[in-house]
Amino acid sequence: MEILNLPQFNVISIAENEHDFQIRVETNSPPSVCPHCGCVANLYKHDNREQLCMDLPIHGKRVGIMVKRQRYRCRECTQTFWERLDHTIDEKRNCTKRLLVYIEKQSLKRTFVSISEDVGLNEKTIRNIFRDYISHLEETVRFETPNWLGIDEIHIIKPRCVLTNIEERTLLDVLPNRNKDTVISYLSRLPNRGQIQYVTMDMWQPYKDAVKSVLPKAIIIVDKFHVVRMANQALETIRKQLREGLSPKERRGLMHDRFILLKRHKELTDMDKITLEIWTKNHPSLGIAYELKESYFDIWNCDSRQMAYLKYQDWKAKIPKELQTAFEPLTKAMSNWEEEIFAYFDHRITNAYTESLNSLIRVVNRLGRGYSFDALRAKILFTEGLQKERKPKYQKGIDDYELRNYSYPMFEKMFPVGVVRERGELLGIDISTLIEKLEKGEL
């Protein structure tokens, strides 16, 4: 009769089939006070009904609790009322509160369909429980506002905005889109947002407009990796143009050798150098484009902003007229984003960590086929054990400590079980822990 372990109920009967348990119960603590007039001990039973509430599965079977719910009438005010079950039952979802907690936790790990089949509630109900749970988490789980904010994007069904704490190497949030209004809304909600000193981003105008609007004092730095890869893209454009005039055999060879062209010269093997020399000797424009790509990369090794600017102007002047069209996207970006690009040489901050995080999110997305964006975002942000935490400050007051006897053998008493510690500030989702969870298949 202790099958339920719910002391508020008395079990009347238990029925079982291949998939389900049906357990009939009644409450064991009838009300003594009228909720309408407050009259004590002047109630009588007026009616009753059976109410089905789902509970935690038992032995792999769904559990439905049929509650014999009593209705009462007050002799003083003549009002009627149903006995309360809110100490055990969540009447909004028609399930026990412990099942509700179970569904909330499982919704971050499993699909809504599988949970629905497991517990016997409608998939729509599972989805609504998940949404309420995420809304609660978003109100209670707050990440510390960073000093160095990274803004990037990732394609999950469609482009999404990714925000990171670059200094602490953590993920802060994934927004549903990369629109200016969405980014402004997020930035406006950040506590102590004035402490953000630097913001790194790619060359997406809505990001820049949003930061200028909400964080006017923050220094914007275009992530250098988004800039330098445009030199590789220019070289690829020239390679593809050259390919059109080649024989089928030469075309296949150039396709396979394109990775050599994308390598830095210092990374080439002896065989790579021979292959590159053959291509550049037969096609001088390809050799010039490769040298332009290499010299552009070298600009980013300059020690100062002024030196980098002068070196870039020299580099730009060396682009032959016939190659200017291919390099135009790069030179145009350098012109339109000059201040933000060259800011890197004053504050050498990059979004390299955000880029590595994007690759991890893609892995999570691939592993979680069938998840909606909201579910995937919650899976990343709110799964227990992923959050990086700053240790709380050292407490000087003696009242903050538990006094214990450290006499020999001291190691038996050093680490008490069940002591509630003070939580530090949450810094975001720790990348190393995220990688570990992925490798173990726990996410």
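Looking at (1) of a type outside the set (A, V, I, L, M, F, W, C); (2) crowded, with 21+ Cβ neighbours inside 10 Å; (3) modelled with pLDDT of 90 or more, find the lone condition where Y186 falls short. Going through the list (1) of a type outside the set (A, V, I, L, M, F, W, C); (2) crowded, with 21+ Cβ neighbours inside 10 Å; (3) modelled with pLDDT of 90 or more, Y186 breaks only (2). Can you find a residue in the range 24-47 that is more than 30 Å from F373 (Cβ to Cβ) and modelled with pLDDT of 90 or more? Yes; the residues of the range 24-47 include at least one that is more than 30 Å from F373 (Cβ to Cβ) and modelled with pLDDT of 90 or more. At pLDDT 85 or above and either surrounded by fewer than 16 Cβ atoms within 10 Å (Cβ to Cβ) or of a type outside the set (F, W, Y) (or both): is that true of I278 in this structure? Considered against the rule, which asks whether it is at pLDDT 85 or above and either surrounded by fewer than 16 Cβ atoms within 10 Å (Cβ to Cβ) or of a type outside the set (F, W, Y) (or both), I278 comes out as no. Is it the case that L43 is over 30 Å from Y102 (Cβ atoms) and in contact with a Ser or Thr (Cβ under 9 Å, 6 or more places away or on another chain)? So L43 passes the test.
Residues are listed down the side, and each one gets a yes or a no for (1) buried (at least 18 other Cβ atoms within 10 Å of the Cβ); (2) on the phi > 0 side of the Ramachandran plot; (3) not assigned by TED's automatic domain parsing to the domain that holds Q22; (4) not hydrophobic (A, V, I, L, M, F, W, C):
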{"site": "A41", "(1), (2), (3), (4)": "no, yes, no, no"}
{"site": "P57", "(1), (2), (3), (4)": "no, no, no, yes"}
{"site": "G60", "(1), (2), (3), (4)": "no, yes, no, yes"}
{"site": "V63", "(1), (2), (3), (4)": "yes, no, no, no"}
{"site": "V67", "(1), (2), (3), (4)": "yes, no, no, no"}
{"site": "R71", "(1), (2), (3), (4)": "no, no, no, yes"}
{"site": "T78", "(1), (2), (3), (4)": "no, yes, no, yes"}
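As a summary of the residue check, D270 satisfies the conditions (1) exposed (fewer than 14 other Cβ atoms within 10 Å of the Cβ); (2) modelled with pLDDT under 85 except for the one numbered (2). Test E167 against the stated conditions and say whether it is among the charged types (D, E, K, R) and surrounded by fewer than 21 Cβ atoms within 10 Å (Cβ to Cβ). So E167 fits the description; yes. Regarding S29, is this residue under 25 Å from V101 (Cβ atoms) and out of contact with any Ser or Thr (no Cβ under 6 Å at 6 or more places or on another chain)? For S29, the condition - under 25 Å from V101 (Cβ atoms) and out of contact with any Ser or Thr (no Cβ under 6 Å at 6 or more places or on another chain) - is met.
Listed here are the strands (runs of 3 or more DSSP E) enclosed by the range 27-115 that have at least 1 residues being in contact with a helix residue (DSSP H, G or I) (Cβ under 8 Å, 6 or more places away or on another chain): 43-58, 61-74. In summary, P159 fulfils each of the numbered conditions (1) touching a Leu at 6+ places or on another chain (Cβ under 9 Å); (2) in a strand (DSSP E or B) with the single exception of condition (1).
Determine whether the range 132-148 contains at least one residue that is surrounded by 13 or more Cβ atoms within 10 Å (Cβ to Cβ), aliphatic (A, V, I, L, M) and not in a helix (DSSP H, G or I). The answer is no, given that none of the residues of the range 132-148 is surrounded by 13 or more Cβ atoms within 10 Å (Cβ to Cβ), aliphatic (A, V, I, L, M) and not in a helix (DSSP H, G or I). For N179, all conditions in the list (1) without any contact (Cβ under 8 Å) to a residue 40 or more places away in the chain; (2) within 21 Å of V141 (Cα to Cα); (3) not β-branched (V, I, T) hold save one; what is the number of the exception? Every condition holds for N179 apart from (2). Per the listing V199, V227, the residue uniquely of a type outside the set (D, E), assigned to a helix (DSSP H, G or I), at pLDDT 90 or above and buried (at least 19 other Cβ atoms within 10 Å of the Cβ) is V227. The sole residue among E91, E139 that is modelled with pLDDT under 85, under 27 Å from E16 (Cα atoms) and acidic (D, E) is E91. For the range 202-224, a residue qualifies if it is under 15 Å from V162 (Cα atoms), among the charged types (D, E, K, R) and not in a helix (DSSP H, G or I), and the qualifying residues are D202, D223.
Pairs are defined by a Cβ separation below 6 Å, a sequence spacing of at least 6 or placement on different chains, a first member in the range 119-144 that is within 27 Å of N165 (Cα to Cα) and in contact (Cβ under 8 Å) with a residue 60 or more places away in the chain, and a second member that is of a type in the set (F, W, Y) and part of a helix (DSSP H, G or I); the pairs so defined are L137/F382. Taking the listed residues V222, V162, the one that is over 24 Å from R377 (Cα atoms), at pLDDT below 95 and in contact with a strand residue (DSSP E or B) (Cβ under 7 Å, 6 or more places away or on another chain) is V222, with no other qualifying.
Yes/no matrix, rows are residues, columns are (1) out of contact with any strand residue (DSSP E or B) (no Cβ under 6 Å at 6 or more places or on another chain); (2) at pLDDT 95 or above; (3) farther than 19 Å from K240 by Cβ; (4) assigned to a helix (DSSP H, G or I):
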{"site": "S285", "(1), (2), (3), (4)": "yes, no, no, yes"}
{"site": "I288", "(1), (2), (3), (4)": "yes, no, no, yes"}
{"site": "E291", "(1), (2), (3), (4)": "yes, no, no, yes"}
{"site": "E294", "(1), (2), (3), (4)": "yes, no, yes, yes"}
{"site": "D298", "(1), (2), (3), (4)": "yes, no, yes, yes"}
{"site": "C302", "(1), (2), (3), (4)": "yes, no, yes, no"}
{"site": "A326", "(1), (2), (3), (4)": "yes, no, no, yes"}
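Among the residues of the range 331-341, how many are crowded, with 19+ Cβ neighbours inside 10 Å and more than 21 Å from P206 (Cβ to Cβ)? Final tally of qualifying residues: 0.
Residues in the range 69-109 that are touching a Lys or Arg at 6+ places or on another chain (Cβ under 9 Å), farther than 20 Å from V33 by Cα and in contact (Cβ under 8 Å) with a residue 12 or more places away in the chain: I89, L99, L100, I103, S107, L108, K109.
Under the condition of being surrounded by fewer than 20 Cβ atoms within 10 Å (Cβ to Cβ), under 26 Å from D86 (Cβ atoms) and of a type outside the set (S, T, Y), the residues counted in the range 101-118 number 6.
The values are calculated or read from the model by the stated rules, or taken from the named source; none is laboratory data. Predicted model, so just to flag it, every value in this text is computed and none were measured. With ideal geometry, Cβ positions are generated from the backbone for all residues, glycine too; neighbour counts draw on all protein chains shown.
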